[in-house]
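Undergrad: My questions all concern the structure below.
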Amino acid sequence: AQSVTQLDSHVSVSEGTPVLLRCNYSSSYSPSLFWYVQHPNKGLQLLLKYTSAATLVKGINGFEAEFKKSETSFHLTKPSAHMSDAAEYFCVVSDRDSGGGADGLTFGKGTHLIIQP
Amino acid sequence: DVKVTQSSRYLVKRTGEKVFLECVQDMDHENMFWYRQDPGLGLRLIYFSYDVKMKEKGDIPEGYSVSREKKERFSLILESASTNQTSMYLCASRGGLNGYTFGSGTRLTVV
């Protein structure tokens with residue numbers, strides 16, 4: 001079975017400072033990992049995905065994430081936060097062979113990112 | 001870009017009503033999904049469909065049914081709405097390698 005743990009339900013940073021959203025996963029197989037962002041009253045938008053190529057993945061809007069197999073982590077970072085980054089962020093693992101959810105996707109519970117002016 | 005369109009952004013329904021949530025995708029994807037999103041619980045899969053007229057239960061199918069008569073349209077049906085079905089409902093389609101696209105969501109309130 002697969003699982004995803006987002007270690008913080010809320011993260012608050014000042015505008016212009018670095019962002020770190022933490023995600024740990026467990027999977028029996030080689031997983032695909034994603035970060036999605038959801039702005040208020042909007043659907044989920046894909047930020048980036050890891051699918052067993054380069055371990056450092058660059059996404060949209062200056063975000064990136066590093067896949068660390070030894071630590072089973074896939075933390076999301078951004079060097080400098082912007083007010084428009086305020087949103088809910090979801091870490092997602094996909095491993096269709098292990099059956100984590102009927103569609104192979106397992107969602108974290110989300111991290112609410114707050115940007116202080 | 002793939003578009004997934006959910007016909008209603010906000011809905012208010014009464015307890016016991018039959019409710020239809022509609023979702024349409026424009027990229028000929030075979031796989032479509034319905035999730036509900038609740039604070040602190042993330043997204044949970046209700047039903048998914050891998051082809052026309054084919055459907056599979058997800059993790060929380062109780063109280064819901066679905067219909068897929070055409071490839072582009074996937075409907076979620078609440079046979080008799082209850083207050084515990086008040087939630088945000090998200091539709092998604094999948095094409096290519098893990099290429100999920102989500103709709104903007106329908107916020108349903110059952111009173």
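Undergrad: Any number yet on Rg/Rh for the protein assembly as shown, C-alpha, Kirkwood? It would help to have the intermediate numbers written out before the result.
TA: Working: Rg = 17.5 Å, Rh = 18.1 Å.
Rounded to two decimals, Rg over Rh is 0.97.
Undergrad: Between the alpha-carbon centers of region B:36-93 and region A:1-80, tell me the distance in whole angstrom.
TA: 26
Undergrad: Continuing with the same structure: Could you run the numbers on buried accessible area between A and B, total for both chains, 1.4 angstrom probe, in Å² to the nearest 100?
TA: 1700
Undergrad: Then there is this: Out of the total accessible area of chain A (probe 1.4 Å, heavy atoms of protein only), what percent is carbon and sulfur?
TA: 50
Undergrad: For peptide B:99-107, compute the average count of partner chain beta-carbon atoms within 10 Å of each residue's beta-carbon.
TA: 4
Undergrad: Within the accessible area of chain B, what % is carbon and sulfur when the probe is 1.4 Å and the other protein chains stay in place?
TA: 49
Undergrad: Oh, and also: In Å², what does the accessible area per residue of the protein assembly as shown work out to with a 1.4 Å probe?
TA: Result: 48 Å² per residue.
Undergrad: Taking each residue in A:37-46, count the Cβ atoms of any other chain within 10 Å of its Cβ, then average. What number comes out?
TA: On the way: counts 0, 7, 0, 0, 6, 4, 12, 11, 2, 5.
Average per residue, whole number: 5.
Undergrad: While we're here: Going by a ≥ b ≥ c, the root eigenvalues of the Cα gyration tensor, does region B:1-106 fall in the rounded group (a/c under 1.5), the prolate group (a/b larger than b/c) or the oblate group?
TA: Prolate is the answer for region B:1-106, as a/c is 1.5 or above and a/b outweighs b/c.
Undergrad: If you take every residue apart from A:A81 with its C-beta less than 14 Å away from the C-beta of A:A81, what net charge results, scoring Lys and Arg +1 and Asp and Glu -1?
TA: -2
Undergrad: Under the definition of Cα pairs under 8 Å and six or more residues apart, what whole-number percent is the relative contact order of region B:1-87? Walk me through the numbers on the way to the answer.
TA: Numbers: 175 pairs, mean separation 27.4, N = 87.
Answer for region B:1-87 is 31 percent.
Undergrad: Cα convex hull of chain A: how many Å³ per residue?
TA: Enclosed volume per residue, from the Cα hull, is 93 Å³.
The values are calculated or read from the model by the stated rules, or taken from the named source; none is laboratory data. Note that this is a predicted model, so its numbers are computed, not measured. We place every Cβ from the backbone using ideal geometry, glycine too, and count neighbours over all the protein chains shown. Only protein heavy atoms, including side chains, enter the accessible area calculation; ligands, DNA and RNA are left aside. Shrake-Rupley method; radii C 1.70, N 1.55, O 1.52, S 1.80 Å.
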